[in-house]
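The values are calculated or read from the model by the stated rules, or taken from the named source; none is laboratory data. It should be emphasised that the depicted structure is a prediction, and the values quoted were computed from it without experimental measurement. A quick note on method: Cβ atoms are made from the backbone with ideal geometry, for glycine too, and the neighbour counts reach across all protein chains shown.
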Amino acid sequence: MRNTFQFNYINLDYVEEVSNGDLAYEKDIIALFISIIPQSVSSLIKQFELGSYQNVKKILHHMHSSTGIMGLNDKLGKYMDAIVEEDLENKAVRKNMQEISTVCLNAVEEAKNYLHTLE
């Protein structure tokens, strides 16, 4: 993954570190992120709109590992933590949900674009 691709969302330092230079492994991790996150974001929003706050927290917990591997904790941590720690009926939660959705979906597009450069 050592190339000049300019990232605005993801940070692949951790992926590169754990792969120990195995480009196939790095591609697999990126592809897994691309396949999981859109559905997770969709489920997160749906559960929030249904008022199923326990499910919102579960989904966020599962998303945290995927987003962390892709270096998104700096961008998402405060929004995810705020939702988990706050009363989910608070109006600020909707803004946090939107930020999580926007960052995640943009990160997926960025990961897709990057993955195409590796083919």
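Observations on the model:
- Residues that are closer than 22 Å to Y14 by Cα, among the basic types (K, R) and surrounded by 15 or more Cβ atoms within 10 Å (Cβ to Cβ) do not occur anywhere in the stretch 45-66.
- On inspection, Y79 fails the criterion of being outside any helix (DSSP H, G or I), on the phi < 0 side of the Ramachandran plot and of a type outside the set (D, E).
- Check on Q39, closer than 18 Å to A107 by Cβ, surrounded by fewer than 13 Cβ atoms within 10 Å (Cβ to Cβ) and either of a type outside the set (A, V, I, L, M, F, W, C) or out of contact with any Cys (no Cβ under 6 Å at 6 or more places or on another chain) (or both): yes
- The selection criterion, being closer than 23 Å to N8 by Cα, part of a helix (DSSP H, G or I) and more than 10 Å from the chain's Cα centre (by Cα), holds for E26.
- Scope the stretch 1-17; condition assigned to a helix (DSSP H, G or I), surrounded by fewer than 12 Cβ atoms within 10 Å (Cβ to Cβ) and either of a type in the set (G, A, S) or under 18 Å from the mean Cα position of the chain (by Cα) (or both); matching residues: D13
- Selected residue (criterion: farthest from V18 (Cα to Cα)) from residues of the stretch 52-102 that are modelled with pLDDT of 90 or more and β-branched (V, I, T): V56
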